[in-house]
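Below is one structure, written out as structure tokens; comments come after it.
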Amino acid sequence: MMNEIKWGLLFDPQLAIDAFPYVLGGIWYTLLISLVSMMIGLVIGFFLALARTSRFTILQWPARLYISFMRGVPILVILFLLYFGFPVIGIEFSAVQAAMIGFSLNSAAYIAEILRSSLSSVDIGQWESSKALGLSYWQSMKRIILPQSIRIAIPPLSNVLMDLIKASSLAAMITVPEMFQKARIVGAREYDLLTLLILVALMYWAICSAMTVLQNYLEKRYTKYL
């Protein structure tokens, strides 16, 4: 005969309610790290994508090497190198700085491949038409190519942002007081880690759900460029 499930040991609603304001206080670090890393990653990733599609080998191979390295190394290793390793050579970052740098550099590799594929998906005739109109490379990119490629890139870029939001919990390993770190503190103090894990899981879910709403809006916004 199966033992009765003791739900109170799995989740304590009162503890979750009491701990919610404290855990929510870490959302600013979660969003700061995620959004700043996404913006910086977009800038770096854009130029990496251009380098990857360049006809010059001297630009292609460094970009390929960077992307391969960043996609092949766990982000936690990168965070540890920045926060614990760099001080050995005299370069020190705060925990938040190390997290933003690490996530920015890592996400740029994934963003570069997304942008590269979306730019390549634009028909070559669009480039030829822009040249016929006398537009320069950057004018063609800004007015014709990017608006069309953005619509294609939005879904995978949204996934990168949501991955950053969830992966920001790894910043707790270098003492950033984001949501997961605060949940761990309360869970250890109250000897009830399960309740806090369920609570913080629901909070991450809520944030990612809001990002999905934004993604759907942007997809509709750029549908006209298809």
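Every number here is computed from the coordinates shown, using simple stated rules; none is lab data. Because the structure is a prediction, the values reported are computed rather than measured. Cβ: placed from backbone, ideal geometry, glycine included. Neighbour counts: every protein chain shown.
What Rg and what Dmax come out for the chain when only alpha-carbon atoms are used, in angstroms?
For the chain, the Cα radius of gyration and maximum Cα-Cα distance read 21.7, 80 Å.
Please give, to one decimal in nm, the separation of the simple spin-label points placed at LEU135 and LEU76, each 7 Å out from Cα toward the Cβ.
Using points 7 Å along Cα→Cβ, the separation is 4.6 nm.
In the chain, if the dipole is taken from +1 on Lys/Arg beta carbons and -1 on Asp/Glu beta carbons about the Cα centre, which of ILE89, PHE180, ILE150 is farthest to the positive end?
So the residue furthest toward the plus end is ILE150.
Pulled fully out, how much extra length does the chain show between ARG221 and ILE124, if you take 0.36 nm times their separation in residues and subtract their Cα-Cα distance? Intermediate values should be presented prior to the final figure.
Numbers: separation 97, 0.36 × 97 = 34.92 nm, distance 2.38 nm.
Full extension from ARG221 to ILE124 adds 32.5 nm.
Structure shown: which of LYS131/LYS220; LYS166/LYS220; LYS142/LYS182 lie over 31 Å apart, alpha-carbon to alpha-carbon?
LYS142/LYS182
Can you compute the helix-only [θ] at 222 nm over the chain? Use -39500 (n - 2.57) per DSSP H run of at least 4 residues, normalise by all residues, nearest 500 deg cm²/dmol.
-24000 deg cm²/dmol
Which value in Å does the Kirkwood hydrodynamic radius of the range 101-226 take, with 1/r averaged over all unlike C-alpha pairs and then inverted?
In the range 101-226 this quantity evaluates to 17.3 Å.
Once the convex hull of the alpha carbons of the range 113-175 is built, what does its volume come to per residue, in cubic angstrom? The partial results should precede the final answer.
Working: hull volume 5.7 nm³, N = 63.
Cα convex hull per residue, to the nearest whole number: 91 Å³.
Can you work out the PRE-style zone for LEU202? Point 7 Å along Cα to Cβ, and I want the residues of the range 19-43 with backbone N under 16 Å.
Residues passing the 16 Å test: 19-25.
Within the chain, what is the longest stretch that has no GluC sites (Glu not before Pro) placed in a DSSP loop and near at most 13 other beta-carbon atoms within 10 Å?
With a cap of 13 other Cβ atoms within 10 Å, the longest stretch comes to 93-226.
Let me spell out the model: positive unit charges on the Cβ of Lys and Arg, negative unit charges on the Cβ of Asp and Glu, origin at the Cα centre of the chain. What dipole size does that give, in debye rounded to 20?
Numbers: 17 positive and 12 negative charges, 204 e Å.
That gives the chain a dipole magnitude of about 980 debye.
Return the loop-located chymotrypsin sites (Phe, Trp or Tyr not before Pro) in the range 163-221 (DSSP other than H, G, I, E, B) with at most 13 other Cβ atoms within 10 Å of their own Cβ; answer none if there are none.
TYR191
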